Structures are given as structure tokens and as C-alpha cells.
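Undergrad: Before I ask anything, here is the structure I am working with.
The values are calculated or read from the model by the stated rules, or taken from the named source; none is laboratory data. Everything numeric here is computed off the predicted structure, so don't read it as measured data. Every residue, glycine among them, receives a Cβ derived from its backbone with ideal geometry; neighbour counts consider all protein chains shown.
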Amino acid sequence: MKNALALLYHPSAVNIEEEFLDDLFKKSVREGEEGLMLAVLEDAVACFQKYVHARDNKGKTLFREAEEWILERDSDWIFSFESICETLRINPSYLREGLMRWKERELKPGAELLMANSA
């Protein structure tokens, strides 16, 4: 028991504990940052899809801002579409192209009627 207590209070044991806590803190900060980035991406995609047919100014603005953010390329801003996608290990070009194809289908003549009839 005496040896176990000696090991517990040995200076190297304190360093190991500090390193463990530092790693744990870095991991939780990283997970927190990724969670925030995921929330930003989800919100932009939700606005893009929800307001694609908007007729009021607020909805049109939300759609336009989301689309501009998605289409912006080569930004070094940490919360840019490309930066967030890369951090979350999502191919930004693939997601962008998929969203643009979705928009094209939604805006085809008669798409709103089909959507209203299926609701």
C-alpha cells in the first residue's frame, strides 16, 4: 500500500494526470467546435431548403444568404462552407453540387404544385 501511495503522489504521476486532463480538454473543445460547425451547416442547409420558394422579403433574404454562403469558394474564414465541410470530413464540392441539383429540381415548373399536392 505504501508503494501505491508513493506512486500516486510521485511527480511523474501528476504530470501524467495533467497530460490526460489537457488531452481531455482539447478533445472536448474540438468536439464542441465541430458541434458548432455542424449546427451552422445544418442551419444553412435548412434555410436553403425551407426558403427556396419564399415570396416574402425575409424568406428570400434567408435563402439568398444561405445560397451565397454555400457557393462561396476559397474563403479562409473558419466558418466558411468549405472550412466547415473539411473540418467535418464532408466533401464541400459534392455537398454543394447536390444542393444545387436539389434546387434545380425544386424550381422546375410545377414542382410547387407537386409539393403542395403531396402534403
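Undergrad: Take Glu67 and decide whether it is of a type in the set (Asp, Glu), modelled with pLDDT under 65 and either touching an Asp or Glu at 6+ places or on another chain (Cβ under 9 Å) or not in a loop (DSSP other than H, G, I, E, B) (or both).
TA: no
Undergrad: Continuing with the same structure: So, in the range 79-93, exactly how many residues are part of a helix (DSSP H, G or I), farther than 15 Å from Trp69 by Cα and touching a Cys at 6+ places or on another chain (Cβ under 9 Å)?
TA: Selection size over the range 79-93: 0.
Undergrad: Right, here's the next one. Please state which of the following conditions Ser75 fails to meet, knowing it meets all the rest: (1) more than 18 Å from Arg89 (Cα to Cα); (2) in contact with a helix residue (DSSP H, G or I) (Cβ under 9 Å, 6 or more places away or on another chain); (3) of a type in the set (S, T, N, Q).
TA: Among (1) more than 18 Å from Arg89 (Cα to Cα); (2) in contact with a helix residue (DSSP H, G or I) (Cβ under 9 Å, 6 or more places away or on another chain); (3) of a type in the set (S, T, N, Q), the lone unmet condition for Ser75 is (1).
Undergrad: Same structure again: Return yes when Ser83 is closer than 30 Å to Glu31 by Cβ, modelled with pLDDT of 95 or more and surrounded by fewer than 14 Cβ atoms within 10 Å (Cβ to Cβ) and no when it is not.
TA: Judged against the criteria, Ser83 is not a match.
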